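For reference, the structure is listed below as structure tokens.
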Amino acid sequence: MSAVVAAAALTVEPLLDVRALRAGYGPSEVLHGVDLHVGSGEVVALLGRNGMGKTTLVRAIAGLNRARHGQVVFRGESVEAEPPHRIARRGIGLVPEGRQIFANLTVLEHLSAFERAGDAGPSRGGAANRIGRVFELFPRLYERRTHLGNQLSGGEQQMLAIGRALVTEPRLLILDEATEGLAPLVRQEIWHCLAALRAGGQAILVIDKYVQRLIQLADRHVILEKGRVAWTGTSAELDADASIWQGYLGV
Ligand SMILES: Nc1ncnc2c1ncn2[C@@H]1O[C@H](COP(=O)(O)OP(=O)(O)OP(=O)(O)O)[C@@H](O)[C@H]1O
Ligand SMILES: [Mg+2]
């Protein structure tokens, strides 16, 4: 690491620090001691083949799976024992796998409900502002604002799932399968949106299968294998070594 890069790394303020995290389901342990770090304004990609524990990890960070051991430190405080709504209010916005849009709520109702659940202070702009910013990011959602969840396409549902997280003004946006199952043009739109958020200083932890796009977007990458961190490095390092992709990701 050059002195310049080392100095830059030191100036990134810690945001999320996952330490020796163990979690699982019933008697089976899925995460066997995972460490993961995201700094303020950083974009980190979480990679790994199917079933390696990516969703289990981000759900544990969001408080939806209990940590059995280890710590989730967010903005300097341990949050692993807190309920999901409290963790969300601290500033973690999760776009869940499968999107989880309510069939019988409109686009606007989704955004309003989540906006109220968030913890954005008055200094950070009013509700109309926050929802307006989501409509600026995704004009399609504005056009569909009175449509119900079950009237939306997969791409529109994903835009809404992202918008629903963004109206809480999260310090850390987490996307579990950012573009899964979407048509190529919609995928492009999601990647452009994430790049714009990144340019605005948004910290992001993103799971996706399109490694090439993640290399363009992210600062660092963490590869999970069977519930352990198997590799971690920068985009340049991942880009330069195809054996990492083949070995851990099978692509
Ligand atoms: N609700 C559950 N109950 C029991 N086992 C589960 C549950 N959810 C996931 N698992 C198991 O935990 C392991 C990790 O699953 P997880 O969903 O975290 O993987 P993943 O890396 O997100 O995979 P994918 O790429 O398919 O989304 C797998 O062996 C899976 O079968
Ligand atoms: Mg998953």
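Residue-wise HN-Hα couplings along the stretch 67-81, as the Karplus relation 6.51 cos²θ - 1.76 cosθ + 1.60 with θ = phi - 60° gives them from phi, are 6, 8, 6, x, 9, 10, 9, 10, 6, x, 10, 6, 10, 5, 9 Hz; Gly and Pro carry x. Calculated accessible area for the chain comes out at 47 Å² per residue, all protein chains present (probe 1.4 Å; ligands, DNA, RNA ignored). The order of Thr106, Thr232 by accessible area, most exposed first and with a 1.4 Å probe, is Thr232, Thr106.
Just want to confirm a number: the relative contact order over the stretch 17-166, from Cα pairs under 8 angstrom separated by 6+ residues, in percent.
Numbers: 193 pairs, mean separation 31.0, N = 150.
Normalised by residue count, the contact order of the stretch 17-166 is 21 percent.
In whole angstrom, note down how far apart the Cα centers of the stretch 24-45 and the stretch 133-164 are. Cα centroid to Cα centroid, the span is 29 Å. For the stretch 240-251, the Karplus equation 6.51 cos²θ - 1.76 cosθ + 1.60, evaluated at θ = phi - 60°, returns couplings of 7, 10, 5, 5, 5, 4, 5, x, 9, 10, x, 10 Hz by residue, with Gly and Pro reported as x. The relative contact order of the stretch 100-170 comes to 55 percent, based on Cα pairs under 8 Å that sit 6 or more residues apart. I need the shape label for the stretch 118-208. Rule: rounded when a/c is under 1.5, else prolate if a/b > b/c, else oblate, with a, b, c from the alpha carbon gyration tensor. Oblate. Only protein heavy atoms count here; on that basis, with a 1.4 Å probe, His32 has an accessible area of about 50 Å². To the nearest 10, the accessible area of Ser243 is 70 Å² with a 1.4 Å probe.
If you plug the beta carbon distance of Ala127 and Asp35 into 1/(1 + (r/R0)^6) with R0 = 41 Å, you get a FRET efficiency near 0.65.
On the principal axes of its alpha-carbon atoms, the chain has extents of 48, 42, 38 Å, going from largest to smallest. Among Leu185, Leu238, Leu141, the largest mean-square fluctuation in a Gaussian network model of the chain (Cα springs under 10 Å) belongs to Leu185.
If I compute solvent accessible area with a 1.4 Å probe over the protein chains, what percent of it on the stretch 100-170 is carbon and sulfur?
Answer for the stretch 100-170 is 50 percent, counting heavy atoms of protein chains only.
Beta bridges assigned by DSSP with both partners in the chain are antiparallel in approximately 60 percent of cases. In the stretch 100-170 the Cα-Cα distances spread across 5 Å bins starting at 0 as 3, 19, 33, 24, 13, 5, 1 percent of all pairs.
With N the number of residues in the stretch 192-233, Rg(Cα) / (2.2 N^0.38 Å) evaluates to 1.26.
Ligands, DNA and RNA aside, Tyr248 has an accessible area near 60 Å² when probed at 1.4 Å.
The values are calculated or read from the model by the stated rules, or taken from the named source; none is laboratory data. All figures in this text were calculated on a predicted structure; none of them were measured in a lab. Counting neighbours? That spans all protein chains shown, and the Cβs are built from the backbone with ideal geometry, glycine included. Accessible surface areas use protein heavy atoms only, side chains included; no ligands, DNA or RNA. Shrake-Rupley method; radii C 1.70, N 1.55, O 1.52, S 1.80 Å.
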